[in-house]
Amino acid sequence: MTQKITVCGGGNGSHAMAGDLSLRGYKVTLFEHPKFRQNIEKVLQTMTIEVVGEIEGTANLEGVTVSPKEAVEDANTILLPIPTYAQEPFFDLMMPFFKEDQRVIMTTGNYGSIILGNFLNTRRNIQMVVGETSTLPYIARMMGPGKVRVIKDQKKFFASAFPAEHNQDVIQELDSLYKNVAIPTRDSVETALNNLNPVAHPAGLLLNAGKIESAEIEGEDYYLYREGISPSVARVIETVNAERLKTATALGYSAKSLCEEDT
């Protein structure tokens with residue numbers, strides 16, 4: 001039986017993930033929060049996502065919805081390639097419909113698996129396989145409504161479950177979707193400590209706020225890595241990275257340095 005997957009969100013990663021998995025034969029439903037229906041309006045009309053770049057094709061989706069009941073009720077696996085601040089609003093919508101035989105994996109997690117695991121215990125008193133990864137398996141950018149460019153496909157990432165006794169279940173599921181790219185960690189804390197976005201992005205954005213705002217006023221694009229990582233900004237990023245590594249070591253975890261990142 002073909003696995004049924006729900007992909008949450010309506011941004012770069014969600015379109016890339018839904019398009020890719022659909023093109024590879026999975027029955028995929030794209031689910032966006034109803035407050036942000038406009039993000040998937042084109043896909044709601046066409047039931048398709050055009051994927052270009054490292055992955056090419058027009059993906060025909062099994063479903064597109066803003067209804068949490070429709071999104072959750074028949075899914076085997078629910079994937080959340082959404083920003084951390086969007087996780088709890090999605091949890092709130094889907095909570096009444098979760099079932100114990102389902103898997104929920106956040107890509108990227110940022111400790112989201114711990115939050116969801118606690119919510120499931122206190123609100124529903126049910127046990128599910130809940131996991132998270134350290135980053136998205138893609139680098140992708142929206143090209144327009146219903147069209148996404150995949151710049152890099154199947155990046156390696158760290159992954160784990162909460163509680164950690166379900167680690168093998170999460171790794172097996174991710175390996176079935178993305179061959180040989182999931183690197184198991186001890187638990188969700190170690191996975192989150194290996195997310196490098198909080199190292200590079202805040203410093204890069206804060207120290208370039210003026211340039212970013214000016215570009216927005218002028219209606220121009222701004223490319224953080226191409227334009228914003230000057231030697232001074234890089235030194236701040238390196239300092240934040242060193243603090244992250246010291247924190248991981250103090251907690252007894254292994255963390256990959258930003259300088260080692262090749263995925």
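Residues satisfying the criterion are present in the stretch 113-123 (criterion: at pLDDT 95 or above, of a type in the set (Lys, Arg) and surrounded by fewer than 19 Cβ atoms within 10 Å (Cβ to Cβ)).
With the checklist (1) more than 30 Å from Pro163 (Cβ to Cβ); (2) in a helix (DSSP H, G or I); (3) not basic (Lys, Arg) in hand, flag the one item Pro202 doesn't pass. Just one mismatch for Pro202, condition (1). Of the residues making up the stretch 149-207, those that are polar (S, T, N, Q) and more than 17 Å from Ala248 (Cα to Cα) are Gln154, Asn167, Gln168, Gln172, Ser176, Asn180.
Take the conditions within 17 Å of Lys99 (Cβ to Cβ), over 13 Å from the mean Cα position of the chain (by Cα), surrounded by fewer than 22 Cβ atoms within 10 Å (Cβ to Cβ) and not assigned by TED's automatic domain parsing to the domain that holds Ser254 and apply them to Asp175. Does it pass? Don't jump to the end; show me each part of the working.
Values: within 17 Å of Lys99 (Cβ to Cβ): no; over 13 Å from the mean Cα position of the chain (by Cα): yes; surrounded by fewer than 22 Cβ atoms within 10 Å (Cβ to Cβ): yes; not assigned by TED's automatic domain parsing to the domain that holds Ser254: yes.
Answer is no for this residue.
Candidates in the stretch 207-263 are the residues that are small (Gly, Ala, Ser) and in contact (Cβ under 8 Å) with a residue 40 or more places away in the chain; of these, the one that is surrounded by the most Cβ atoms within 10 Å (Cβ to Cβ) is Ala255. Just to be sure, is Ala192 at pLDDT 95 or above, of a type in the set (Gly, Ala, Ser), touching a Ser or Thr at 6+ places or on another chain (Cβ under 9 Å) and under 20 Å from Tyr138 (Cβ atoms)? For Ala192, the condition - at pLDDT 95 or above, of a type in the set (Gly, Ala, Ser), touching a Ser or Thr at 6+ places or on another chain (Cβ under 9 Å) and under 20 Å from Tyr138 (Cβ atoms) - is met. The strands (runs of 3 or more DSSP E) located wholly in the stretch 1-95 that include 1 or more residues which are under 16 Å from the mean Cα position of the chain (by Cα) occupy 4-8, 27-31, 77-80. Anything in the stretch 223-237 that is among the hydrophobic types (A, V, I, L, M, F, W, C) and farther than 12 Å from Ile212 by Cβ? List them, or say none. Correct list: Ile229, Val233, Ala234, Val236, Ile237.
In the stretch 144-156, the condition of being surrounded by fewer than 24 Cβ atoms within 10 Å (Cβ to Cβ), more than 18 Å from Gly57 (Cβ to Cβ) and out of contact with any His (no Cβ under 9 Å at 6 or more places or on another chain) is met by at least one residue.
Being closer than 19 Å to Leu21 by Cβ, of a type in the set (A, V, I, L, M, F, W, C) and free of Cβ contacts under 8 Å to residues at least 60 places away in the same chain holds for only one residue in Met106, Met128, and it is Met106.
The values are calculated or read from the model by the stated rules, or taken from the named source; none is laboratory data. Worth saying up front: this structure is predicted, and the values here are computed from it rather than measured. Here the Cβ is made from the backbone with ideal geometry for all residues, glycine too, and neighbour counts use every protein chain on show.
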